[in-house]
Structures are given as C-alpha cells and as structure tokens.
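Enquirer: Here it is, the structure, as structure tokens.
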Amino acid sequence: MNAQEDDTPSGLPPHDPERDVLAERRARRGEPVGDPILIRRAETAEATAHALEERLAGIQARLQEAEQASRETSQRLAEREQELTRASQRLSEGELQLRTISTRLADRERELHTVSERLSDRERDLSAVSERLAQREQQLARAELEIRGRVDALERRVEEVQEDLARERAARLAAESELEALKAAQAAVQPLVGDLRQIAGRLRVLAEAGGPTAQAGASLTPSPTAWAEQPASPEELAGIVAPSTAVAPSAQAEASSEQMAEALAAAIQRLRARVVAVGELQESEAEPGRPAMESSAAPVASEPAIEPAVPASTSYVPPPLIERAPPRAWLAPAIRRVAERRDPRLAAELVLELLPAQALSVKKPIRYLAKIAELGAYEVSLTAGHGSVRDLAGAGLIDAHTFLLEGPAAAFAEVAAGGSRISPWRPPAGLRIRGGRRRARLLLGSRRAPLALSDLERAGVTVWPGLLLLALAEAIDPASTAGHSFTVAFAIEAQQSAVLQVQALQGRPLAVTRGAADEQALGALNVMPGSAQSTLHLSERAFTRLLTAQDLDGETVMLEGEPGPLETLLSWTDRVQSIRRFGA
C-alpha cells in the first residue's frame, strides 16, 4: 500500500483499491453460481478487503496527522531559524558593543594612568608649595619681628619728637618773650634815635663851620644815607655858633662839640649792641626743625635806621555769620566727582569719615556692614546722635539684625552725605543691598536731607581737612575763579601735621595739594608767579569752624600774608554751603 501510494503521480487523486474489489464482486454476482470454493475465496477476499480498507483508513488518518505534524514542525523550524538569525544578530551586536566597551575601558585606563601621573605631579608641586609656604612663614615671622622693631623705634622717635616739640614750644614761648623785650627795647631806642638825629644835625653845622673837633665828631657820624637828616633849629644854631666867631670856634664851642661827640659815640655803641642782639636772636630762631611761625620775628635792618616793627603773623578773625540758609545737596555730587575726576580712594576715605554722621538722622539703633570697593568692609553702628565705624578683616557676616551695603565710593555718596535723589525703594546706582532690606530702607529713607558740614561737630565726627577741601574744590564752579590768581596754604597743627595748599588760576578748577608741615615746606610752597599768597596756622577744629562760618570758640588762627585770597576762597565756600557772612 505504501508502494502504491509512493508510485502515485503527484497532483492526481490516490488509487482506491476498495473500488476495484467492489467492481470485481459485482461482476462475479452477475455471473452464474459456480464453484463453492471460489465463493469461499471470494468471501475471504471480501473480508480481507474490508480489513485492508479499515487499515487503509487508519493509515490515511495517521498520514494526515503526520503531514499536519510535519507542517507544524516545519513552521516551528522556520520560527526557530528566524530566532536563531535574530540571536546571531544580537550576538554580533553584543560582540561589537563588547569591543567598543573594551576600547573605552582601555581609553579610560590610559586616562586614569595620565590622571594618576598628574596627581603625582600635583602632589610634588603641593609639597614644593608647602615648603615655600613654610619659608614664607619664616620670612613673615622675621619681617614681623623687624616691623615690630621698627614700630618700637618709631614710637621712640615719636616720643623724642614730642619731647622736641615740647622743647620747641618752650623755646617759642621764650622767643616770644624775647621778642616782647625787643619791642620794648625798640620803643626805648626810638627816643635815642631822635637824640642822635639832633646830634647829627648839630655836628653837621659844626662841620660846615670847620675845626678839628668838628672833623673828629664828623668821623663818628654815620653816612647821610643811613640817617635821615633833620635841620637844626635857629635856637640850636644860636647855641652852637657865636655871632662874633665867623672863622674859628671859641673854647666854649669846642667844649660843647667834644661833649656832643662823646654822647654820639656812646649812643652809637648802644645801638650797635641792640642790633647784634637782634641778629643773634634771628640766627637762633632759624635753626632747622622749628616751625615757621616760631621764626617769624620782626625783621631788623642792618642799617641803624629802625622803623616800627610789623609782625609777620597776625591773628585772623573771620567776619561774623549773618544768615545760614537750609543746606542744599552739594556734598554727594562733589564726592562723586572726586571719585570720577581725582582719586576714588580719597572719595572712599571721605565717605568712611562721614558715615558716623548718619546717627543724626536715624531714630532707632541700626547696625550694618558697609563694603566699599576701594577700602574694604566696615561695621557701622548708629544710635541716636552717635555713630561709630569699625574695620573688619573680611566681608563680615549678615545676621538677623544687620544688612550689607556694597559698592564703589561713588555709590555711597548719597548714603554718607544725604540728598534728595536717594530713595528707600530704589538705591543709588551701583549700590547693592544684601540681608534685611526693611532696615536698609529705613536707613536710606533717613538720608533724604542733605548733610551740612556745620553738623559734623554736633555728631562728634572729625573729617580730615584735606578731604573737605577736595569736596569743596569740586563743588565750586570753575567759572568763579576767572580773574583770580592766588594761593592759600593751611598749615594744620595736629598729631600728623600737614600743609594743604589751594590754588586758583584764571577760570580753572581749584587745585588742592598736600605737603609736610615744616618750615621747609612752608618756605617752598608751589606759589604761581604773580599770584597773591595767604598762609594760615590753625588746628583741625579751627579749620572746620572757619570753613563752616562757626564761632572759633577760643581757637587761634594766625595769618601770614594778604587776607584777600583767604576771604575770596571763603566767599566761594560760603556760596556752596548757603552761608552769608558780614561784609559778603
């Protein structure tokens, strides 16, 4: 059966043996009945056919099942082949990724090796730096010891200078007393000068009359250029020349001439002694290291003619105040111009010295940090009427009760000096606020009113005069100096004395310079040719009171030179501060 199935051509229906057997039986039935043996054979064949048909049906069913299983197996095999293909692809991709990762790992290993080498280099560098730092620390320690030694030497020098100043003050008082004695001696010498003039007139008459005694007296008489000639009165001529002696003097006239000559010689000796004493006093006062005002005694001429002495320094009394208008906001713009046109660090110094004056406008205690770009960080503490500033090593810490104002000196101009431009909701340009903004707004709101220089003393604030002069020089309109050419020098007497020089020149901005307060500096002032000069000797407190039109309150201001330049400068500073004095 299998061979027949295998021999069946593909595409044709399979051969059915059952049909052949049935056809054969029908054919036999139609034949006459024959041999019984044949009949049994036919029945046996028919039974065998039925059995074969049943087996054939089972085989066909199993064949169909086998074909179905084969088809399912082929389908599963195709699926497995697809999965195997995908797995191989994934495997190739994984191998590629593995190669990439291995390459990256090799690169990372090389990078780690390079980094380790760099770290080792850095460690060596750090060790070298630590060694250098140790050396620098040793150098700094030695430098600190040297600085301490120098500071100790400077302190000793300061003590010596203070002792020298005390001795110079004592010498000055002695010189002043000697000067008063000289003035008294001069007042006593003046009648003697009149007597000498009279004797000179009489000797001149005798010389015109002739005679040996007259010639001897004339040899003792100073030259006519050194003495002012006064003609003898008719009475004197009558007492010297007798009417009857026209050619030679009589014995009485000769005796009178000898007495007058002796008196004249004695007077000349006393006058020369006075002149020598005055010269020695001037030489002793001109020793190096003495202040200029100590060596400003009245000059004595080398010639015998003595005029009334005029002191080189006179006490200056400023005109009294008439009116002080409400202050205007001039100081803050002046600070900004100093920072922009002259020196921002000096502007920062002025801001720092003005910050304690904020205490005049605050109602509640305020403590904040001010970080000025040109100087550093400072803590400002303000109470009612009193303020203080403390230097900080760093930027400081902001806690719940403080805030930080940070910016350049120009940004602090309105904060320090006040002004209508400042607003609590919009800080000045360049000023940054960190921390408690509410308290910062309270401070900024209190700075709307401009600060007056006359209020500095009331707040206990002392500003270095040079900084005030810089601000006033920027506030004065350069057009005000048109037609003026002068120099005003302020010799400030303080622990660190200095000479502050203000120059005005034909419509240019005022120039402010500084020098040491000694006799050489005062004698070598940079005075412009053809310009007037005024020099004032005063203290810092007297300077502030003079500049703000306040009563000197016992302070002394000594003026050398012409008062005109000083009064012109004060008129300009008064106009800036809305001040009016008597005679202005």
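Enquirer: For region 41-200, report the % of Cα-Cα distances exceeding 18 Å. Spell out each step's value before the answer.
Expert: Values: 10946 of 12720 pairs.
Of all Cα-Cα distances in region 41-200, 86 percent exceed 18 Å.
Enquirer: Quick check: residue separation of Ser381 and Leu98 times 0.36 nm, minus the Cα distance between them. What number comes out in nm?
Expert: Between Ser381 and Leu98, full extension yields an extra 94.9 nm.
Enquirer: Give me the number: length gained by fully extending Glu131 to Trp425, i.e. 0.36 nm times residue separation minus the C-alpha to C-alpha distance, one decimal in nm.
Expert: Details: separation 294, 0.36 × 294 = 105.84 nm, distance 5.31 nm.
That pair, Glu131 and Trp425, stretches by 100.5 nm at full extension.
Enquirer: On average over all directions, what projected area in square nanometres does region 331-444 have, based on the convex hull of its Cα atoms?
Expert: If you wrap the Cα atoms of region 331-444 in a convex hull and average its projections, you get 6.2 nm².
Enquirer: Give the long-range amide H neighbours of Glu374: residues separated by 5 or more places, or on another chain, with amide H under 5 Å away, using H modelled in the peptide plane at 1.01 Å from N.
Expert: HN-HN under 5 Å from Glu374: Ala409.
Enquirer: Please list, in order along region 469-477, the HN-Hα scalar couplings obtained from phi with the Karplus expression 6.51 cos²θ - 1.76 cosθ + 1.60 (θ = phi - 60°), rounded to whole Hz, x for Gly and Pro.
Expert: Values, residue by residue: 5, 4, 5, 5, 4, 6, 7, 6, 5 Hz.
Enquirer: Related question: Taking R0 as 60 Å, what FRET efficiency do you get between Ala479 and Leu154 from their Cβ-Cβ distance, rounded to the nearest 0.05? Please list the in-between numbers first.
Expert: Numbers: r = 46 Å, r/R0 = 0.77.
In this case the efficiency is close to 0.85.
Enquirer: Can I ask one more? So if we plug the beta-carbon distance of Ala511 and Thr462 into 1/(1 + (r/R0)^6) with R0 = 30 Å, what FRET efficiency do we get, rounded to 0.05?
Expert: Working: r = 25 Å, r/R0 = 0.82.
Approximately 0.75, to the nearest 0.05.
Enquirer: Starting from the exponent 0.38 and prefactor 2.2 Å, build the expected Rg for region 372-504 from its residue count and divide its actual Cα Rg by it. Kindly include the intermediate steps, with their values, before the conclusion.
Expert: Working: Rg = 17.8 Å, N = 133, 2.2 N^0.38 = 14.1 Å.
The value comes to 1.26.
Enquirer: If you count only protein heavy atoms and use a 1.4 Å probe, how large is the accessible surface of Leu38, to the nearest 10 Å²?
Expert: Roll a 1.4 Å probe over it and Leu38 shows about 100 Å².
Enquirer: Which whole-number percentage describes the relative contact order of region 345-471, with Cα contacts under 8 Å and a sequence gap of 6 or more?
Expert: Working: 253 pairs, mean separation 35.3, N = 127.
Contact order relative to length: 28 percent.
Enquirer: I need the GluC sites (Glu not before Pro) found in region 404-507, filtered to DSSP loop residues with at most 16 other beta carbons within 10 Å of theirs. Let's see the in-between values first.
Expert: On the way: sites: Glu406, Glu414, Glu457, Glu474, Glu493; in loops: Glu457.
In loop regions of region 404-507 (DSSP not H, G, I, E or B), the sparsely surrounded GluC sites (Glu not before Pro) are Glu457.
Enquirer: Let me ask you something else. Show me, for region 570-579, the HN-Hα J-couplings you get by feeding each phi into the Karplus relation (A = 6.51, B = -1.76, C = 1.60, θ = phi - 60°), rounded to Hz, glycine and proline as x.
Expert: 5, 5, 5, 5, 5, 5, 5, 8, 6, 10
The values are calculated or read from the model by the stated rules, or taken from the named source; none is laboratory data. These numbers were taken from a predicted model, which means no experiment stands behind them. Backbone-built Cβ (ideal geometry, glycine too); neighbour counts: all protein chains shown. Each accessible area value is taken on the protein alone, full model and side chains, heavy atoms only, with ligands, DNA and RNA left out. Shrake-Rupley method; radii C 1.70, N 1.55, O 1.52, S 1.80 Å.
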